[in-house]
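Each remark here refers to the structure printed beneath this line.
Nothing in this text is a laboratory measurement; each read-out follows from the coordinates by a stated rule. Given the structure is predicted, the values throughout are model-derived calculations rather than measurements. Positions of Cβ are generated from backbone atoms using ideal geometry, with glycine treated the same way; all protein chains shown enter the neighbour counts.
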C-alpha cells in the first residue's frame, strides 16, 4: 500500500529550531511562515516526511518549551501539550479519575511510540482513529490554543474539522488540554478493536456515565475511526440519560450509537464491520463504565 | 541546511558529532559511531529493530532527529555489556536460544532491559505487552519471552549506566 520510498533516510532538507519559550515559538512561526511545522514527538510527522507526503521547510521543535509540559489539577485536570502518552498511561490521578483515558493511552501503539508521542501531537495530527480523542470527548475536554494575540479555549468537539484538519490556525500552538472535574458516581471505560495490539483502531469507543442510585444522570459516548473525525454519539447519550439501565436499554443505546456512525471501508476494516463493531464495543464500554460507577450488575 | 555540532553520551562516552537537521539518530549511530548493532528494519516505527535508550527511555532511533538529542545520553546494544561481561538479559537470550536470525535481537534486548529497569519481576503478560512493538519473524516469540522471564528470575532488574 505504501509507495516505495526510502525510509532509511530523510530525503528532504529543512531547517530545525529548538525554542525554549512560547514567545520564541511564535517568533519562528511568523518568521518561517506556513512552510514551518511544529514537531513534538515526531512519530507521525517524521513518518509522513519519510513517505514524502509532507515537506516542511522548517521544523520548530516543542520538546524544550517548558510552558507546554506538566500536568496540574485545577477544577479538573490540565495536561500540557507535550506530555508523553506513556506519562499519561502511568499517571496515578488519570488512572483513578480518568480511567478511559488511561486505558486508551495503555492501548496506544507500542511502548517506544508511547514514550515519544505526545498528547498534543495525537490531537493535532487529527487522525479519525486517534486513540486519545474519544476518552477526551467523554471527559468534556477543551484545548487551549495560544498565539501572540492571546489564548482561546475550544471544546475538543469543535477542534476536529476533518482527517488531518483542525481549528488550529497557523500562528497558534496547542498549549494544553483541560479535562472536566471528575464527579461522584462517575465511571468510564475505553474499548478498542484493532488487527493486532500495536495497530491503530479499526474502531474504538469511550464512555463515561454518572450514576445516581439506579439511574444514569449523565452520559457521554464517543467513537473513533467511524467518521471523518472522532465523534460523540449524541442521540445514544440522550437515549440513556435519565434512564434506569438494563441490558435491553444498553443494547438499544449501543444500537443507536452504531446507526449514527459514518464509517468507511479501508485496509483495516469494512464499513459494515466498523458499524457492527461500534455497536458491540459501545455496549461493552457502557456496561463496564456502569459497573465502575458503582452500578448494580445489569439484568 | 547547515551541519551543526552536537554533544552526546554514547554508551558512557562523551562524543561530539557533526550532523545535518535531516540526519536520523539511527544513521549517526551506525555510520558515524560505527555501532551497527542497532538495526534499520522498517524505518517507520513499526518493527522496533532500531530501539535504543535515550536518557534511560526506550525510543526508536529511526524516528529521532540527531539534532534533537543534543546533550542526551544514548545507550545502544553495544553498551549493555560491562568489562566484557554480557548483561544478564543477553546471557538469558543465549541460554534460551532466543536468537535465530538475530536481526530483531538488539531491539528485543533493549526493550527487555528497559522493562526490567522499571519492573524487575514482570508477568508473562507484562513481557508480551512491553515487547509488542518488537517484531520477530523467526522465533514465534516463545523463547524470547522465556528468556526475559528467566533474566528477571535471576534478578536482572535494576538500573543500567547511562
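Have a look at the DSSP beta bridges in the protein assembly as shown and tell me what percent are antiparallel, nearest 5. Antiparallel bridges make up about 85 percent of those DSSP assigns within the protein assembly as shown. Annotation for the range A:167-200 versus the range A:264-298: alpha-carbon center distance of 17 Å. Averaged over the residues of peptide B:41-50, the number of Cβ atoms from other protein chains lying within 10 Å of each residue's Cβ is 5. Can you tell me the orientation of helix A:271-292 relative to chain A, as the angle in degrees between its alpha-carbon axis and the longest Cα principal axis, to the nearest 10? Here the helix axis deviates by roughly 70 degrees. Need the C-alpha centroid separation for the range A:220-237 versus the range A:3-49, integer Å. Here the two parts' Cα centres lie 31 Å apart.
With a 10 Å cut-off around each Cβ of A:9-18, the average count of Cβ atoms from other chains is 5.
Counting other Cβ atoms within 10 Å as a rough exposure proxy, the listed residues B:39, A:262, A:192 run A:262, B:39, A:192 from fewest neighbours to most.
By count of other Cβ within 10 Å, fewest leading, how are A:246, A:44, A:260, A:252 ordered? Please report the intermediate quantities before stating the final value.
Details: A:246 13, A:44 23, A:260 19, A:252 16.
Listed from fewest to most nearby Cβ atoms, that is A:246, A:252, A:260, A:44.
How do the peptides A:114-121, A:231-238 rank, highest first, by the average count of neighbouring beta carbon atoms within 10 Å per residue? Write down the numbers at each step before the final one.
Numbers: A:114-121: 25.8, A:231-238: 19.5.
By packing density, highest mean first, the sequence is A:114-121, A:231-238.
Ranking of A:290, A:27 by neighbouring Cβ atoms within 10 Å, starting from the fewest: A:27, A:290.
Based on alpha carbons, the Rg and Dmax found for the range B:1-113 are 14.0, 48 Å. Taking Cα atoms only, the orientation of helix A:22-32 departs from the longest principal axis of chain A by about 60 degrees.
Over the whole of B:14-23, what's the average partner chain Cβ count within 10 Å per residue? Rounded to a whole number, please. Before the final figure, lay out each step's value.
Values: counts 0, 0, 0, 0, 0, 1, 4, 9, 10, 2.
The per-residue average across the peptide is 3.
Helix-only arithmetic for the protein assembly as shown: the sum of -39500 (n - 2.57) across DSSP H runs with n ≥ 4, divided by the residue total, places the mean residue ellipticity at 222 nm at -8500 deg cm²/dmol. The angle between the Cα long axis of helix B:105-118 and the main principal axis of chain B comes to about 80°, on a 0 to 90 degree scale. The range A:62-83 and the range B:45-83 have their alpha-carbon centroids 25 Å apart.
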